[in-house]
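Beneath this line is the structure, given in structure tokens, with notes to follow.
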Amino acid sequence: MVSIFKIAISLSLLSLCACSTQAPTKEVVSASIKKIMPPNFEVVTVAPLKEVPGLFEVSIKMDKQPVVLYMDKKAQYVLSGSLLHVETKKNLTIEAQGKIK
């Protein structure tokens, strides 16, 4: 019985590690974005997107304009565009852009 408990604990810890929500740093995000965008931008925030596990909301200012992008935790993929919640019909991207200062 004890060994089943140890196995269950080990599997739980492994699943927590696999689902890590550690955001990429601003420096890593900035280096990735520099490869695809003009150099006149500033990374304001990088935060886990609670609505979509594994996706991070990246707020930037480009020519003083707020822009929201979405990235994976390794900053290898960038998603540009509006993220909509089907049930509530909320545009999460527009809401996030309104919070950029």
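The values are calculated or read from the model by the stated rules, or taken from the named source; none is laboratory data. Keep in mind that what you see is a predicted model, and the values were worked out from it rather than measured. Note that we place each Cβ from the backbone using ideal geometry, even for glycine, and neighbour counts take in every protein chain shown.
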Kindly indicate the residue of the range 46-63 that is surrounded by fewer than 19 Cβ atoms within 10 Å (Cβ to Cβ) and over 10 Å from the mean Cα position of the chain (by Cα) and also farthest from ALA23 (Cα to Cα) among those meeting that condition.
ASP63
Note on the range 4-50: residues modelled with pLDDT of 90 or more and of a type in the set (D, E, K, R) are LYS26, GLU27, LYS34, LYS35, GLU42, LYS50
Among (1) under 16 Å from the mean Cα position of the chain (by Cα); (2) within 21 Å of LYS26 (Cβ to Cβ); (3) not β-branched (Val, Ile, Thr), which single condition is SER82 missing?
(2)
Hey, LEU69 surrounded by 16 or more Cβ atoms within 10 Å (Cβ to Cβ) and modelled with pLDDT of 95 or more or not
yes
Considering only the range 53-64, I want to know if a residue exists there that is at pLDDT below 90 and either assigned to a loop (DSSP other than H, G, I, E, B) or aromatic (Phe, Trp, Tyr) (or both).
yes
